[in-house]
Amino acid sequence: MNENISRLMDGEVEDVEFERCVAELKSAEAMRTWMCYHVIGDHLRGGYGMSPKFSLSLSQALAAEPTVLAPPPRRVTQPATFAWAVAATLAAVTVVGWTAFSMIEVPPTAVARARDAASVRAAQVKPTGDVPAEYLLAHQEYSPAFAIQGGGPYLRAATATAAPDAAPSAEPRQ
Amino acid sequence: MGDREVDQQLVERAQRGDKHAFELLVLKYQRKLGRLLSRLVRDPAEVEDVAQEAFIKAYRALPSFRGDSAFYTWLYRIAINTAKNYLVAMGRRAPTSTSFDNEDAEGFEDAEQLRDSATPEDELIGKQIAATVNRAMDALPEDLRTAITLREIEGLSYEEIAVVMNCPIGTVRSRIFRAREAIAAELRPQLGTDENRRW
Amino acid sequence: MMHTWGAPARRVGARLLVVAAVLASPAVHGQGFAAQWLTRVTQAARSLNYTGTVMVRQGARFDTFRLAHQFENGQESEKLLSLDGPAREIVRSATEVRYYFPDAKIVQIEPRSIRNVFPSLSPEQTANLAQYYEFKLSPGGRVAGRVTEMAVFEPRDGLRYAHRFWADPTTGLLLKSRLVNEKGEVIEEFAFNDVTVNAKIDKDMVKPSWTAVPDDWKVVQAGPGELVMNDTGWTVNKLPPGFIKISEGFRKLAGKRDPAAHLVFSDGLVAISVFVEPFTVTQTQVGLTQTGGLAQYSTRSDAFRVTVVGEAPPATVRQIAQSVSRKTPN
């Protein structure tokens, strides 16, 4: 039985075996083995330990939750919209309070218009905002950090040119 | 079947009312989630509060999970948003702040050991677990240790490990299982069956 | 016992050797070594298949992304998916980078030719790297659960940031990096929270979530134009030591009508761009902006607007901007 648990957690089971393996997991002892095997893997990867209270507290909380019943999910191959369906259940909006890091409107000319000033201001010591997109985009291909971090520096561009908040939409694919 | 397909199947079972399937996913991801959250929320007790809230929110939001993304991507997203909302609610990390942490302050550090937990006893247990896993790993025969390392750390599939180790897939499956059992034999007494643990 | 298995096996064998080896103390290396180390790490980032969760911290704000990278048939594909904040999806292919902003229904497209910086470091740049940064290699602790080696580039003057890189010694993959200023403050940090190297990458993990851009979306062509190499007639009088010019020409900037002069300088590790354009009052204000480690300073010079951008302290960027002038004919 434990060998099945080992295979199941690695995803190395055929579809037909899946149901049986999960059914075997219902016993308390099997659940302990499932957790134990995962603890091993997590620690090999530099795991973070949760206290014993955590499992107990969470399982009690889960037990108190009304059982969720959802219609069979439609397997969508191409999402029509990129929806954040969970936003409905999350209380605060992710955008509120984080406007400082993400709210420059695309395209760059809109940025320029928004920040229009008739006169030249004196040199600032403190930064007044994000690096304007037109310079960032032209510069970044020369930046060594760009080369070394793979996709990392693109995050700067995405942060700087993120579009304004709008109504939440569906999930992404990955 | 694939690790991701297993998650997907478990999620679908949970969506059909099987809470136990969701618990399997919780057991699988709780530590990974804890480590992710510990980057944002320093106090381990708070990490667990946020983690619990995130899992409950994920459970409630299950009807809206359509399988377009991996379950853990979806779960991580919920967890991070929960953490950020928590920080904002606690009045921390004012978004307009441009202050930088000193280099000595913890950045995205990986703690080798369990951080200081709520009680000294918890910390001790955490360190003991890490020590036990390491010790048991060192005691394994080389082929078992290699197999479980390739699986858990390098993330190779059984098929890939079979190529690397030049042996049949059945042997890979057996070696990984025996490695886990050998370590589990040492670990189970520590994880215990006392009343403090559900499993 | 080592068999001749092939690449994956060599990696396993090498990894076991690395585990056995001890990097007990920081080592100081000769001038070619730093450049070699950077080259290796760059190649790894480009030529491996990997997935992971990445956290980027810039001062007090942080962003989390899922990342998938593939190298197949000599070409890179990559996708970044935001896990918090405004929804963002960045998809990189051989010829372009696309930024999807689904909440706002905008997709931004940038034609992109990957410029491979490190393998083309000239001997002069390599020498500058050694002269202006002290390079140290030492054990780096664990990042994303993996043992790492840490490479430190400590600047020898106050005009640069310190750079720290943590890489997986076996594969060379960069797992964490930091930019630190002279006060010891972390300006920017990028790190994997978890990573799977040599992951199996499915096509849909590196392709956009939309096979076609929906009709109600706005498409923005945002790339800078191609650089036309030329003597622009501009020069920098107060360039920090160790910086040499690596590119010069005219190009069109995104969203702007008039071509700008674009000069690029490098000290081997960091690049600094100088842009000169006609000054118009509808442009953004002059002064300083900053996005993570990247600082930008703009100033007016007669009828022109000079802008300097680079991964350098604001004071350095400002000093350069204020010393840009027309070349005097010899």
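Taking region C:73-107 as the range and being touching a residue at least 40 places away in the same chain (Cβ under 8 Å), at the interface with another protein chain (Cβ under 10 Å from one of its Cβ atoms) and among the basic types (Lys, Arg) as the test, the residues that pass are C:Lys79, C:Lys105. Just one of the listed residues (A:Thr81, A:Thr94, A:Thr33) is touching a Pro at 6+ places or on another chain (Cβ under 9 Å), surrounded by 20 or more Cβ atoms within 10 Å (Cβ to Cβ) and either in a loop (DSSP other than H, G, I, E, B) or at pLDDT 75 or above (or both), and it is A:Thr94.
Of the residues examined, C:Ala312 is one that is at pLDDT 85 or above and either farther than 17 Å from C:Trp234 by Cβ or surrounded by 20 or more Cβ atoms within 10 Å (Cβ to Cβ) (or both). Of all residues in region C:106-146, those satisfying the criterion of being closer than 30 Å to B:Leu33 by Cβ, at pLDDT 85 or above and buried (at least 20 other Cβ atoms within 10 Å of the Cβ) are C:Gly140, C:Val143, C:Ala144, C:Arg146. Touching a residue at least 60 places away in the same chain (Cβ under 8 Å), assigned to a strand (DSSP E or B) and at the interface with chain A (Cβ under 9 Å from one of its Cβ atoms) - does that describe any residue in region C:31-44? No: region C:31-44 contains no residue that is touching a residue at least 60 places away in the same chain (Cβ under 8 Å), assigned to a strand (DSSP E or B) and at the interface with chain A (Cβ under 9 Å from one of its Cβ atoms). On the given criteria, is A:Leu56 on the phi < 0 side of the Ramachandran plot and either at pLDDT 85 or above or surrounded by fewer than 17 Cβ atoms within 10 Å (Cβ to Cβ) (or both)? When the stated conditions are applied, A:Leu56 passes them.
Across region B:36-47, the qualifying residues are those that are buried (at least 19 other Cβ atoms within 10 Å of the Cβ) and touching a residue at least 60 places away in the same chain (Cβ under 8 Å), and the one among them that is nearest to the chain's Cα centre (by Cα) is B:Ser38.
All conditions but one from (1) within 17 Å of C:Ala45 (Cα to Cα); (2) not in a strand (DSSP E or B) apply to C:Leu159; the one that does not is (1).
The residue that is surrounded by the fewest Cβ atoms within 10 Å (Cβ to Cβ), counting only those in region C:56-88 that are in a strand (DSSP E or B) and acidic (Asp, Glu), is C:Glu72. Can you name the residue in region B:49-83 that is free of Cβ contacts under 8 Å to residues at least 24 places away in the same chain and of a type in the set (Gly, Ala, Ser) and is also farthest from the other protein chains (Cβ to nearest Cβ) among such residues? In this case the residue turns out to be B:Ala58. From the list C:Val186, C:Val195, C:Val220, C:Val152, the one residue that fits, being at pLDDT below 85 and either outside any loop (DSSP other than H, G, I, E, B) or closer than 17 Å to C:Leu269 by Cβ (or both), is C:Val220.
Filtering region A:11-21 to residues that are facing chain B (nearest Cβ under 7 Å) and either out of contact with any Ser or Thr (no Cβ under 8 Å at 6 or more places or on another chain) or surrounded by fewer than 21 Cβ atoms within 10 Å (Cβ to Cβ) (or both) leaves A:Gly11, A:Val13, A:Glu14, A:Asp15, A:Phe18. Looking at region C:11-24, can you tell me whether even one residue there is within 10 Å of another protein chain (Cβ to nearest Cβ), modelled with pLDDT of 80 or more, farther than 26 Å from C:Tyr133 by Cβ and not in a loop (DSSP other than H, G, I, E, B)? No: region C:11-24 contains no residue that is within 10 Å of another protein chain (Cβ to nearest Cβ), modelled with pLDDT of 80 or more, farther than 26 Å from C:Tyr133 by Cβ and not in a loop (DSSP other than H, G, I, E, B). Is there a residue being within 7 Å of chain A (Cβ to nearest Cβ), outside any helix (DSSP H, G or I) and either of a type in the set (A, V, I, L, M, F, W, C) or surrounded by 21 or more Cβ atoms within 10 Å (Cβ to Cβ) (or both) anywhere in region B:24-33? Checked against the condition, which is being within 7 Å of chain A (Cβ to nearest Cβ), outside any helix (DSSP H, G or I) and either of a type in the set (A, V, I, L, M, F, W, C) or surrounded by 21 or more Cβ atoms within 10 Å (Cβ to Cβ) (or both), region B:24-33 yields no hits at all. The single condition among (1) within 30 Å of C:Val274 (Cβ to Cβ); (2) of a type outside the set (S, T, N, Q); (3) at the interface with chain A (Cβ under 9 Å from one of its Cβ atoms) that C:Asp204 does not meet is (1).
The values are calculated or read from the model by the stated rules, or taken from the named source; none is laboratory data. All of these numbers come straight from a predicted model, not from anything done at the bench. Please note: Cβ atoms are built from the backbone with ideal geometry, for glycine as well, and neighbour counts cover all protein chains shown.
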